[in-house]
Amino acid sequence: MIASFWTALVGGDFWWVLVLKSAFLVLFLATAFAYLTLAERKVSARIQLRYGPNRVGPFGLLQPAADGIKLFFKENAGPSNRDRILFFVGPSLAGAAAMLAYAFIPLGTNSWFGYQFHWDITHANVGLLVILGVTSLGVYSLFLGGWSANSKYSLLGGLRSSAQLISYEMAVAFALIGAVILAGSLDLEQIVGSQQHLWFIVLQPLAFILYFIGAFAETNRLPFDLPEAETELVGGYHTEYSSMRFGLYFLGEYVNMVTVCSIATALFLGGWLPLLPFHPFDWIPGPFWFLGKVIALLFIMMWVRWTLPRLRYDRLMNFGWKVLLPLGLLNIVITGAIVAVRA
């Protein structure tokens with residue numbers, strides 16, 4: 001019974017394989033977070049026709065390390081009348097939820113010496129549902145951080161984040177249902193396998209656009225960064241945070257970017273399947289295809305941030321409820337009808 005429970009929980013991996021994959025995941029996401037900050041500054045510099053970080057290390061490659069050292073040695077200050085427990089829980093939950101969600105995302109499979117190795121920590125037949133549930137915990141981290149600081153600006157940012165994330169989570173979920181209907185499963189590996197002959201972005205272009213727009217709101221990225229809105233709220237929910245507590249919110253945002261781009265890759269861009277199904281490309285491992293597609297989507301997110309202005313808050317909410325949500329429902333109805341007729 002214990003063996004069957006362990007197999008169902010971790011997909012049959014040995015315990016030491018699970019430990020190694022967990023350590024690799026934490027190191028991978030921490031490194032991705034660090035160098036996404038550098039990449040974003042480089043992309044913004046190119047768009048604004050200026051130089052990005054280029055002083056610390058060759059081509060500025062050690063700038064993330066310098067930023068990390070600076071955060072570690074900054075004073076960990078906070079308001080004297082804050083709720084000390086919740087003030088600590090907020091950023092901790094942001095970083096933990098962001099990393100936990102990525103544990104269920106499959107990057108590919110390899111067979112080595114008869115052992116089927118899965119590039120994910122754990123496998124669930126409702127993996128997509130689990131990821132959506134874990135990422136929804138992020139709203140608690142933002143609201144707790146904003147409320148516990150006992151600051152008006154932080155509280156406004158927390159309230160905005162609660163309304164925004166709850167609203168756009170529904171739009172994001174509706175956009176994903178079309179791909180689930182086509183694959184007939186919530187298992188991410190089966191969804192990727194269903195795209196062997198044709199990626200779902202071809203069959204579900206509207207769903208992909210709706211999901212990617214909602215992903216900007218879910219990750220608080222411009223033009224949907226109303227919970228932070230520097231010119232209005234001085235930084236929003238993390239106004240009173242400093243040192244590594246601020247860094248954990250920063251980490252949560254960038255890891256969530258990786259997560260939403262990975263979900264888009266798995267559901268719409270064929271996951272680890274090659275871009276061109278020709279023999280000369282067969283030698284490239286699946287995880288490299290997966291990460292290449294994720295990097296392309298991350299670049300688009302950075303490009304949009306430094307191109308479009310911030311929306312007004314009432315227009316942000318109207319866009320979510322009156323545009324994205326109805327279009328998502330329409331896509332579900334059309335997809336379901338087509339699948340039912342073809343069946």
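Readers should treat all values here as calculations from the given coordinates under stated rules, not as data from a laboratory. Source: prediction; values computed, not measured. Neighbour counts are summed over all protein chains in view; Cβ atoms, including those assigned to glycine, are modelled from backbone coordinates with ideal geometry.
For segment 66-175, what is the Kirkwood hydrodynamic radius in Å, using each pair of distinct C-alpha atoms? After inverting the mean inverse Cα-Cα distance, the result is 16.5 Å.
Extension gain, W16 to R50, is 7.5 nm, computed as 0.36 nm per intervening residue step minus the present C-alpha separation. A straight Cα-to-Cα reach below 21 Å connects K42 with the lysines K70, K293, residues fewer than 8 places away in its own chain not being considered. Counting only whole DSSP H helices of the chain, the ones at least 20 Å long by C-alpha along their axis and with mean Kyte-Doolittle hydropathy no lower than 1.0 are 15-47, 84-101, 152-183, 243-268, 286-305, 325-342. Of the residues Y211, S167, N54, the one whose Cα sits farthest toward the positive end of the charge dipole of the chain, with +1 on the Cβ of Lys and Arg and -1 on the Cβ of Asp and Glu, is N54.
Dividing the convex hull volume of the Cα atoms of segment 201-343 by its residue count, what figure in Å³ per residue is obtained?
Considering the Cα atoms of segment 201-343, their hull volume per residue is 138 Å³.
For the chain, the longest piece that avoids every one of the trypsin sites (Lys or Arg not before Pro) found in DSSP loops with at most 15 other C-beta atoms within 10 Å covers 75-311. Charges were assigned to the Cβ only: +1 to each Lys and Arg, -1 to each Asp and Glu. The resulting dipole of the chain about its Cα centre is roughly 780 debye. With a simple spin-label model that places each label point 7 Å from the Cα along the Cα-to-Cβ direction, the separation between A65 and I300 comes to 3.4 nm. Relative contact order of segment 13-165, taken over Cα pairs closer than 8 Å and 6 or more residues apart, is 21 percent. Each Lys or Arg adds one and each Asp or Glu subtracts one; over the other residues with Cβ under 14 Å from the Cβ of W303, this totals +4. In this simple spin-label model, placing a label point 7 Å from the Cα along the Cα-to-Cβ direction at both F72 and I85 gives a separation of 3.1 nm.
Over segment 218-280, what is the mean sequence separation of C-alpha contacts under 8 Å (at least six apart), divided by residue count, expressed as relative contact order in percent? Let's see the in-between values first.
Values: 21 pairs, mean separation 13.0, N = 63.
That works out to 21 percent.
Extension gain for L203 to N150 (0.36 nm times residue separation, less C-alpha to C-alpha distance): 14.2 nm. Summing Lys and Arg as +1 and Asp and Glu as -1 over all other residues whose Cβ lies under 15 Å from the Cβ of M257 gives a net charge of -1. Structural descriptor for segment 188-313: relative contact order 36 percent, calculated from alpha carbon pairs under 8 angstrom and at least 6 residues apart. The packing ranking, built from the mean of other Cβ atoms within 10 Å per residue, places the peptides 284-290, 197-203 in the order 284-290, 197-203, highest first. Across the chain, Cα-Cα distances exceeding 25 Å account for 56% of all pairs.
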